[in-house]
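Here is the structure we will look at, set down as structure tokens.
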Amino acid sequence: MFPYFIMLVFCGIPLFFMELSFGQFASQGCLGVWRVSPMFKGVGYGMMVVSTYIGIYYNVVICIAFYYFFVSMTRVLPWTYCSNPWNTPDCVGVLDGNLSSRAALNITQLLNTTQKRTSPSEEYWRRYVLNLSDDIGNLGEVRLPLLGCLGVSWVVVFLCLIKGVKSSGKVVYFTATFPYVVLTILFVRGITLEGAVTGIMYYLTPQWDKILNAKVWGDAASQIFYSLGCAWGGLITMASYNKFNNNCYRDSIIISITNCATSVYAGFVIFSILGFMANHLGVDVSKVADHGPGLAFVAYPEALTLLPISPLWSILFFFMLILLGLGTQFCLLETLVTAIVDEVGNEWIIRKKTFVTLGVAVAGFLLGIPLTTQAGIYWLLLMDNYAASFSLVVISCIMCVAIMYIYGHRNYFKDIEMMLGFPPPLFFQICWRFISPAIIFFILVFTVIQYRPISYNDYVYPTWAISIGFLMALSSVICIPIYAIYKVCRSEGDTLLERLKNATKASKDWGPALPEHRSGRYAPAFSPSTESHLEVQPLQPEKGQSEAAAGHPL
């Protein structure tokens, strides 16, 4: 939590405000805004690549939540007992038989030996839902129930975006607010359970020995970038639809703090249930929690089986996950569609934006199919850990440098003052210029120094899979130097220095989108020589000639 709040104050909120103000000032998506310094348009392409990766695998997570939501509509949750065809002899359910004697003894024995207790929810997840293969290269068969749910989730996303931000804006009122209702219901239920205090104390007690671990700081940075949506391009895209004088400074403060307060609140909800479960099983809280999707689809569902009317709580929980996921997915898809439409820019594609949305949704569905195979979860975690982790912080760092040092911090501060009526506060000016890029740089360095290959439970990823992960990570970052080289080569100038100056200089059409907002240094200027050559053409030439003949001055 300590690194999380440090990252929020010195990176999260400043970068959030920067992206909002950037998109709002130019009224352009993540590609169009780089008229500010055309050489850095590769940053926008990098954002698109990141959004593509996240959009592909994020909807797979939503589809699994849809699957659990549908199967929860039953009298007894299917992961409650160990008496199913997919269960193994190692399965020990807390509700199977006489817990106080046989199951409790079995749990103690299993924890004390090399064997690990397998819960019915874990076996349901691994052996039935995923039917997990033994290797990332062994794709096996496509899990048809998951494929069907993936289709449902993409259809829902497309229908909610069919009219662009007009339709998604209305849907988000529900998807953004209803999870608070569900969280509160689960929180009230959770804190009334025996052992909830133990879980909450585990959540709040600092483990200071981990403060020097670079991975903790890297995870905190990734979580801030993930939860606030920095460097995805989504903030710039959504802000581009704001009114020019909208107070995005106030918005960025309120949204950032509310968002992170929600994350902390959700922690209380999760750990109260985990504490109850640890108390029920007689183990430490750390033994109950899992990493990755395991917490959402293994530990928490197992805890729900211990509650009265468990299907109701399960339906509520997974409905909340679906809504939270859809809110993110709307933003990702709209980012890609807006970038494509802005880049092509002709009248036909603007009128046919719905077909662009449909095309992106269909492509996302097809690319997500491999993630519904028996090895799908391995690929999902690989994409999650590499495709959209350190590349986010690299993109943010370069964006800060490009705006503050290439375009110029004084120019940008004047732009914000012109838009909002006041310059950015001194704290933000210092963060943008020095603190945020420095923190991001040090996190990158220490993450590389303390790098550990990823694993999934006991499975260690092969070298070739990790190499693919690094290639995915580089594919977004490499857009920046490739486009920069291309732009420098295409720029005018006899020497490399002249080409560099022309490639980094703001375009003539950079600035507010609407003419009424283009004042000050963005006002269209006419030189006297130009004005003297301007000719006023009458709207109706014949009428003008007849009036001139009659002696009336035109």
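The values are calculated or read from the model by the stated rules, or taken from the named source; none is laboratory data. Here the structure is a predicted model, which means the values were calculated and not measured. With ideal geometry, Cβ positions are generated from the backbone for all residues, glycine too; neighbour counts draw on all protein chains shown. We work out accessible area using only protein heavy atoms, side chains counted, and drop any ligands, DNA or RNA first. Shrake-Rupley method; radii C 1.70, N 1.55, O 1.52, S 1.80 Å.
Tabulated values for the structure
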| item | result |
| --- | --- |
| Unique match (being open to solvent by 50 Å² or more (accessible area, probe 1.4 Å), closer than 30 Å to A473 by Cβ, part of a helix (DSSP H, G or I) and touching a residue at least 40 places away in the same chain (Cβ under 8 Å)) among I255, I236 | I255 |
| Residue check, L193 assigned to a loop (DSSP other than H, G, I, E, B) and over 28 Å from the mean Cα position of the chain (by Cα) | yes |
| Residue among G469, G511 that alone is crowded, with 18+ Cβ neighbours inside 10 Å, out of contact with any Cys (no Cβ under 9 Å at 6 or more places or on another chain) and within 30 Å of L420 (Cβ to Cβ) | G511 |
| Hits in segment 158-206 - residues which are small (G, A, S) and touching a Gly at 6+ places or on another chain (Cβ under 6 Å) | A176, G195, A196, G199 |
| Pair list, Cβ under 9 Å, 6 or more apart: segment 479-498 residue among the basic types (K, R), other residue open to solvent by less than 60 Å² (accessible area, probe 1.4 Å) and part of a helix (DSSP H, G or I) | K487/P38; K487/M39; K487/F40; K487/K41; K487/G42; K487/A503; K487/T504; R490/A503 |
| Qualifying residue in segment 241-252 (condition: within 14 Å of the chain's Cα centre (by Cα) and open to solvent by 10 Å² or more (accessible area, probe 1.4 Å)) | no |
| Every pair of residues 6+ apart whose Cβ atoms lie under 7 Å, when the first sits in segment 325-353 and is in contact (Cβ under 8 Å) with a residue 12 or more places away in the chain while the second is of a type outside the set (S, T, Y) and open to solvent by 70 Å² or more (accessible area, probe 1.4 Å) | V341/I350 |
| Residue list for segment 294-310, restricted to those being open to solvent by less than 20 Å² (accessible area, probe 1.4 Å) and either among the charged types (D, E, K, R) or under 31 Å from the mean Cα position of the chain (by Cα) (or both) | G294, F297, V298, A299, Y300, P301, E302, A303, L304, T305, S310 |
| Considering residues of segment 1-12 that are open to solvent by 20 Å² or more (accessible area, probe 1.4 Å) and in a helix (DSSP H, G or I) only, the residue modelled with the lowest pLDDT | F2 |
| Matching entry among V171, V188 (being at pLDDT 90 or above, assigned to a helix (DSSP H, G or I) and under 18 Å from F319 (Cα atoms)) | V188 |
| Those residues of segment 272-327 which are touching a helix residue (DSSP H, G or I) at 6+ places or on another chain (Cβ under 6 Å), at pLDDT 85 or above and among the β-branched types (V, I, T), in sequence order | I273, V285, V298, I322 |
| Segment 435-461 - residue that is more than 25 Å from the chain's Cα centre (by Cα) and without any contact (Cβ under 8 Å) to a residue 24 or more places away in the chain and, of those, most open to solvent (accessible area, probe 1.4 Å) | D458 |
| Residue satisfying condition, being touching a Leu at 6+ places or on another chain (Cβ under 7 Å) and outside any helix (DSSP H, G or I), within set T80, T74, T52 | T80 |
| Any hit, segment 363-375, residues being farther than 22 Å from W232 by Cβ, open to solvent by 20 Å² or more (accessible area, probe 1.4 Å) and either aromatic (F, W, Y) or not in a loop (DSSP other than H, G, I, E, B) (or both) | yes |
| Per-region count, segment 143-171, residues open to solvent by less than 50 Å² (accessible area, probe 1.4 Å) and touching a residue at least 12 places away in the same chain (Cβ under 8 Å) | 17 |
| Y265 being surrounded by 18 or more Cβ atoms within 10 Å (Cβ to Cβ), out of contact with any helix residue (DSSP H, G or I) (no Cβ under 6 Å at 6 or more places or on another chain) and of a type in the set (S, T, Y) | no |
| Set T372, T463: member being in contact with a strand residue (DSSP E or B) (Cβ under 7 Å, 6 or more places away or on another chain) and within 30 Å of E122 (Cβ to Cβ) | T372 |
| Residue that is acidic (D, E) and over 24 Å from the mean Cα position of the chain (by Cα), where the choices are D209, D219 | D209 |
